[in-house]
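Structure, as structure tokens:
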Amino acid sequence: MSAESASEIPKGQVDLLDFIDWSGVQCLNQSSTHSLPNALKQGYREDAGLNLESDADEQLLIYIPFNQVIKLHSFAIKGPEEEGPKTVKFFSNKEHMCFSNVNDFPPSDTAELTEENLKGKPVVLKYVKFQNVRSLTIFVEDNQSGSEVTKVQKIALYGSTVETTDMKGLKKIEDH
């Protein structure tokens, strides 16, 4: 891990990359040549030449399931000054969302990204709304300039895992 990426992670939190269930990750309206792994996967997201781009218009709908329950604290999204995301809505544990129903549900949190945020400064979420997260849907509603294409260079999610009890590991107490 580079010193730069280590300094971006908020104190007491971890990069949740290792807890993503990659088999279920989806992105609606992504360009076939500039897809979600470019912004989300380790190694790809650090390459400034790779990015996620929207296809038909500026909106993106990203679904990220986790392989265990997590607490989401904050996120960082890097993008170019003009085409970088502006309004980003987060939905905790909402599956099967699409562009036709995304406005039917209130978001768990909404962020308006600034130029500073697009350089990688983490944005703290309403932590109380993200305590028991099995999946996360991210709706990029628009971009900084109102252009047709949104570009995302990096998406990083910061938080912690929820400690759960392994019921198989418990032993029955015998009466004497």
Quiz item: Helix-derived [θ] at 222 nm for the chain: sum -39500 (n - 2.57) over DSSP H runs of at least 4, divide by residue count, nearest 500?
Solution: -1500 deg cm²/dmol
Exercise. At most 12 other Cβ atoms within 10 Å and a DSSP loop assignment: could you name the GluC sites (Glu not before Pro) in segment 84-118 that fit?
Key: Glu95
Quiz prompt | For the chain: relative contact order, % (alpha-carbon pairs under 8 angstrom, 6 or more apart) | solution = 34 percent
Quiz item: GNM, the chain, Cα, under 10 Å: largest mean-square fluctuation among His34, His73, His96?
Solution: His96
Exercise. Go through Lys78, Lys126 and list them by solvent-accessible area, largest first, probe radius 1.4 Å.
Key: Lys126, Lys78
Exercise. Assign unit charges at the C-beta atoms only (+1 for Lys and Arg, -1 for Asp and Glu), then state the dipole size of the chain relative to its Cα centre in Debye, rounded to the nearest 20.
Key: 660 debye
Quiz item: When the Cα centres of segment 99-141 and segment 26-90 are compared, how far apart do they sit, in Å?
Solution: 12 Å
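Cα convex hull of the chain: how many Å³ per residue? Numbers along the way, then the final one.
Details: hull volume 25.9 nm³, N = 176.
Spread over its residues, the Cα hull of the chain gives 147 Å³ apiece.
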Self-check item: Links that overshoot a 18 Å alpha carbon limit, given the list Lys119/Lys154; Lys78/Lys151; Lys78/Lys126; Lys11/Lys94; Lys11/Lys126
Solution: Lys78/Lys126; Lys11/Lys94
Quiz item: Under a GNM of the chain (C-alpha, springs under 10 Å), which listed residue has the highest mean-square fluctuation: Val162, Val14, Val152?
Solution: Val162
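The values are calculated or read from the model by the stated rules, or taken from the named source; none is laboratory data. Just so it is clear, the model here is predicted, and its values are computed rather than measured. Please note: Cβ atoms are built from the backbone with ideal geometry, for glycine as well, and neighbour counts cover all protein chains shown. Just the protein is used for accessible areas: all its heavy atoms, side chains included, with ligands, DNA and RNA removed. Shrake-Rupley method; radii C 1.70, N 1.55, O 1.52, S 1.80 Å.
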